[in-house]
Structure formats: structure tokens, C-alpha cells
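Chemist: Here's a structure for you.
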Amino acid sequence: MYAIGVDIGGTTIKLGCVQDGQTIIYRDRRQSPRDPAVMAQAIRSMVGVAERKFPGAPVGISCAGSMDSQGYVTASQLGWQAAPLGPLLYEQFNRALPMENDAMCALAAEHMYGALKGCDTGLLITLGTGIGGGVIVGGVPARGHMGLHGEIGHMITRADGRPCSCGQQGCWEMYAAASKLREMAGGISVREVISRVRAGDLLDIWHAYVHEVVIGLSSLMMIFAPQVIAIGGGLSNAGDIVIGTFRQQVEQTSAFRTFNPFTQIVSARFQNDAGILGAAALALLAG
Ligand SMILES: [Zn+2]
């Protein structure tokens with residue numbers, strides 16, 4: 001069983017043909033055009049090449065930013081404000097393609113095949129430039145009004161804190177995104193920070209950062225009582241020191257001990273390919 005997943009990011013369009021849900025057996029990539037019409041043509045052309053190799057494979061789209069139910073996309077990474085990508089793709093393909101934002105696609109991939117597989121209640125939290133992710137409740141992705149989904153990274157963890165691009169002050173991602181760890185460590189890479197922490201250096205900075213992450217995790221645990229929290233993004237690649245420290249710190253809070261002794265904190269399974277795999281999963285679900 002094959003499906004084609006297309007992952008539109010700020011710099012590249014990545015396409016993958018996925019076999020049995022998890023194995024990418026063909027890949028293609030191009031630079032992301034800024035013009036939505038040129039983007040739709042590029043995707044039609046990439047999918048055309050893939051379809052000749054895998055005839056009849058359904059196609060799903062993952063896109064950066066947020067989108068409404070008509071497929072109008074707003075994504076700062078692409079410089080788009082309500083860009084009509086959905087309608088333009090409809091023109092190119094003569095059919096509506098299932099499309100979700102990258103966070104929902106990553107959540108779908110983890111839920112169907114990865115760290116949240118079989119979860120009734122679980123969270124995916126991606127620590128990157130910002131904080132993304134999503135929530136599974138009752139075995140399905142939680143959605144808000146008009147199909148919108150929650151913005152975990154813009155949960156306020158510091159009253160009257162730093163101003164955020166979203167217009168609020170004190171959002172979680174202003175303190176706990178992986179990019180903030182880099183800033184706290186004077187601009188050295190996250191990888192370098194982790195290797196120094198392993199060597200017993202920069203421990204004050206590391207613990208201050210972990211504290212910011214754990215404040216948010218603790219609130220999310222109180223709201224959702226998840227079985228599993230999967231941590232994604234480059235930081236979770238750094239191995240057990242990261243996940244282990246989060247787990248240890250969360251376990252030291254009294255609320256966790258009292259109410260939530262069952263929540264597991266683990267690394268997300270899929271990193272760079274989460275968008276492709278999630279988009280392919282959407283295609284299969286829609287087909
Ligand atoms: Zn915000």
C-alpha cells in the first residue's frame with residue numbers, strides 16, 4: 001500500500017512516497033516558491049513524477065502555518081497571508097487534496113505509527129524555533145472551533161512576561177523553545193550545549209531551561225492527564241539526557257506524584273520525516 005506525502009516548509013517542498021505507512025521508498029525535493037500559484041504548479045509537477053512510479057497512490061499535503069477549512073494558508077515562513085493554496089491545488093489536480101498544517105501532520109504520524117500509537121490521550125510537543133505540537137483526546141486529534149487546533153506554544157507560563165509575536169506576553173515558547181536554550185547559552189548551538197552539559201558544564205543554564213519546559217508540561221498534564229507525552233524537535237535527538245532530565249524534574253513536582261503517576265515522557269519517533277509521513281497518513285485516511 002502506497003501513499004504520497006508532500007511537506008511544504010518555509011525553505012523546501014519535500015515529497016515522499018510511503019509504503020505501509022512508515023517506510024519512505026522514494027523522495028524528491030525542491031525550493032519553496034514564494035508565489036502560491038507557482039507553489040501549486042511545482043507540487044503538481046513533483047506529484048506527477050511520483051505518480052508515474054506509484055500509480056493510484058493517494059496524495060496528502062502538510063503545510064507550514066495555519067489554514068482555514070477552505071485551504072487558505074497563513075504562514076510567516078512563506079510570507080503568506082490567507083494565500084489560496086487549497087483552491088490553486090484544486091485547479092491543478094481537479095480534486096480536493098487532504099491538507100493539514102505541519103503540527104497536525106506530525107501528530108497524525110506519531111499517533112498512527114510512532115510514540116503515541118494506540119494512545120487514548122497523548123501530547124506531541126515539538127521544541128524548535130518555537131513550540132508546536134498537538135493533542136490526542138479520546139483517540140482522535142483534539143480540535144477547536146472551526147477546525148482550529150490549540151497553539152500549545154502560546155500557552156502563557158509567565159504572567160506579563162516577554163512580548164510574543166502572537167500579541168500576548170509570557171508565552172511558553174518565549175522561554176522554553178529550543179532556540180531559547182541557544183540564546184541562554186550565549187548563542188552556541190543546542191548540540192554544543194548538550195555536549196557541554198554531559199561534560200558537567202553549563203548546568204545552571206541547563207536547569208533554568210528545563211525548569212521553563214517543565215512549567216508548561218506540568219500545566220498540560222493537569223489539563224489533559226495524558227498517558228504519553230512525546231517530545232519532538234532537534235533537542236529530543238540529543239538522547240536520554242534531555243528526556244531523562246525532563247522526566248526527573250516533572251516527577252519531582254508534587255502534583256505529578258499525587259495525580260499523574262502514569263504519564264510517560266518519551267522522545268517522538270519521527271523527526272524530519274514527520275510531515276511527509278503525516279501527510280501520507282492523511283491521504284490514506286481520506287482515500
Ligand atoms: Zn505567543
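Chemist: Only bridges whose two residues both fall in the stretch 118-267 count here: according to DSSP, what percent of them are antiparallel, nearest 5?
Modeler: Working: 10 of 19 bridges.
Around 55 percent of the beta bridges assigned by DSSP in the stretch 118-267 are antiparallel ones.
Chemist: Let me ask something else about it. Can you tally the net charge around Ala199? Count Lys and Arg as +1, Asp and Glu as -1, for every other residue whose Cβ sits under 14 Å from the Cβ of Ala199.
Modeler: Values: positive: Arg191, Arg196, Arg198; negative: Glu192, Asp201.
Computed value for this residue: +1.
Chemist: Per the helix-only calculation at 222 nm, which mean residue ellipticity applies to the chain, given -39500 (n - 2.57) for every DSSP H run of n ≥ 4 and division by its residues, nearest 500 deg cm²/dmol? Present the calculation step by step, with values, prior to reporting the outcome.
Modeler: Numbers: 10 runs with 112 residues, N = 287.
Mean residue ellipticity, 222 nm, calculated: -12000 deg cm²/dmol.
Chemist: Another one. When the chain is modelled as a GNM with alpha-carbon springs shorter than 10 Å, which of Thr157, Thr245, Thr23 fluctuates the most?
Modeler: Thr23
Chemist: List the lysines whose alpha-carbon lies under 19 Å from that of Lys53, not counting same-chain residues fewer than 8 positions away?
Modeler: Candidates past the 8-residue exclusion: Lys14.
Chemist: GNM on the chain, C-alpha springs below 10 Å: top fluctuator among Glu212, Glu173, Glu151?
Modeler: Glu151
Chemist: I would also like to ask the following. Please work out how much length the chain gains when fully extended from Glu183 to Asp20, using 0.36 nm per residue of separation minus the C-alpha to C-alpha distance, in nm with one decimal.
Modeler: Values: separation 163, 0.36 × 163 = 58.68 nm, distance 4.06 nm.
Net length gain for the segment: 54.6 nm.
Chemist: Taking the chain as a Gaussian network, Cα atoms linked when under 10 Å apart, which of Lys14, Lys180, Lys53 shows the biggest mean-square fluctuation?
Modeler: In this elastic network of the chain, the residue with the biggest mean-square fluctuation among Lys14, Lys180, Lys53 is Lys53.
Chemist: Pairs of Cα atoms under 8 Å, at least six residues apart: use those to get the relative contact order of the chain, whole percent.
Modeler: Values: 573 pairs, mean separation 64.9, N = 287.
Rounded, it is 23 percent for the chain.
Chemist: So what does log10 I(q)/I(0) come out to for the stretch 118-267 at q = 0.09, 0.11, 0.12 Å⁻¹, using the Debye formula with one equal point on every Cα and no solvent?
Modeler: -0.27, -0.41, -0.49
Chemist: Here is a follow-up. What number results when the radius of gyration of the stretch 34-141, computed over Cα atoms, is divided by 2.2 N^0.38 Å? If you can, show how the numbers build up before the last one.
Modeler: Working: Rg = 15.3 Å, N = 108, 2.2 N^0.38 = 13.0 Å.
That ratio works out to 1.18.
Chemist: So for the chain, what percent of the C-alpha to C-alpha distances run longer than 26 Å? If you can, show how the numbers build up before the last one.
Modeler: Values: 18444 of 41041 pairs.
The calculated P(r) of the chain puts 45 percent of pairs beyond 26 Å.
Chemist: Can you spot the aspartates and glutamates whose alpha carbon is less than 17 Å from Lys180's alpha carbon? Ignore those fewer than 8 places along the same chain.
Modeler: By straight Cα distance, Lys180 reaches Glu192, Asp204, Glu212.
Here, each number is a calculation from the coordinates, and none is a lab measurement. As the structure is a prediction and not an experimental result, all values here were calculated from the model. For neighbour counting, all protein chains shown are included, and Cβ atoms are generated from backbone atoms with ideal geometry for every residue, glycine included.
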